[in-house]
């Protein structure tokens with residue numbers, strides 16, 4: 001359950017402030033501005049960001065942002081290898097960019113390259129201790145590796161920074177399930193759905209929390225809401241099949 005912190009936006013998922021606003025026009029180009037504005041259209045963003053990269057006029061810092069923005073578009077389209085390639089170039093130009101390090105870490109998680117992801121996330125957090133996205137993503141890597149106490153600490157820190165972040169809350173709910181604290185897991189899962197009802201993951205992990213707590217009715221309702229948002233997601237289909245067989 002990874003997510004990206006986008007350079008071109010003023011918010012992502014919850015209310016996380018972006019690291020960069022539009023740079024000064026003297027160091028900027030109209031093509032880069034179009035790329036910057038293309039966050040809600042990944043396919044168009046790739047075209048516009050490519051034009052910006054190929055057009056002279058950007059200084060090194062803003063060229064790095066533009067590569068990072070194109071990487072975000074590849075990430076949104078599920079092309080994680082290509083996203084990593086663009087993040088690599090961005091970080092060659094701007095090695096201390098916590099946002100791009102965090103986003104490359106997220107892409108590496110999607111590629112199941114967990115140790116490399118941890119290296120990026122660790123560095124992103126060193127550079128910016130308030131990078132709640134990196135903390136949440138590192139929480140998820142630790143959970144995958146079954147280091148649940150470490151995962152809980154990272155999710156706690158992320159939620160301290162962004163208390164209304166549904167992905168951090170859903171991630172901590174999963175971790176708490178593994179630690180055997182079903183009541184706290186259900187509480188976090190309820191809050192995750194409250195603050196992020198548009199994400200299938202929040203409903204899915206609420207379903208898991210309630211199923212593990214023995215409340216099969218609420219679990220089924222949550223899985224039904226999840227499948228309505230992501231009908232092709234195999235994990236939801238498997239859970240619905242299991243529930244139907246009971």
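Nothing in this text is a laboratory measurement; each read-out follows from the coordinates by a stated rule. Small disclaimer: the values here were computed from a predicted structure and weren't measured. Every residue, glycine as well, gets a Cβ built from its backbone with ideal geometry; the counts of neighbours run over all protein chains shown.
An ellipsoid equivalent to the chain, defined through the eigenvalues of its Cα gyration tensor, has semi-axes of 35, 19, 15 Å when rounded to whole angstrom and sorted largest first.
Size of segment 106-212 from its Cα atoms: along the principal axes, largest to smallest, the extents are 35, 24, 22 Å. Stretching the chain fully between residue 40 and residue 187 yields a gain of 49.7 nm (0.36 nm per residue, less the alpha carbon separation).
With R₀ fixed at 45 Å, the C-beta to C-beta distance from residue 96 to residue 243 puts the FRET efficiency at about 0.40.
Using only the C-alpha atoms, the convex hull of segment 44-148 corresponds to 88 Å³ per residue. As a length-normalised measure over Cα pairs under 8 Å and 6 or more apart, the relative contact order of the chain settles at 12 percent. Fraction of C-alpha pairs exceeding 19 angstrom in segment 164-246: 28 percent, rounded to a whole number. Note on 55, 136: ascending count of other Cβ atoms within 10 Å places them as 55, 136, the fewest first. With R₀ set to 25 Å, the beta-carbon distance separating residue 81 from residue 156 gives a calculated FRET efficiency near 0.15.
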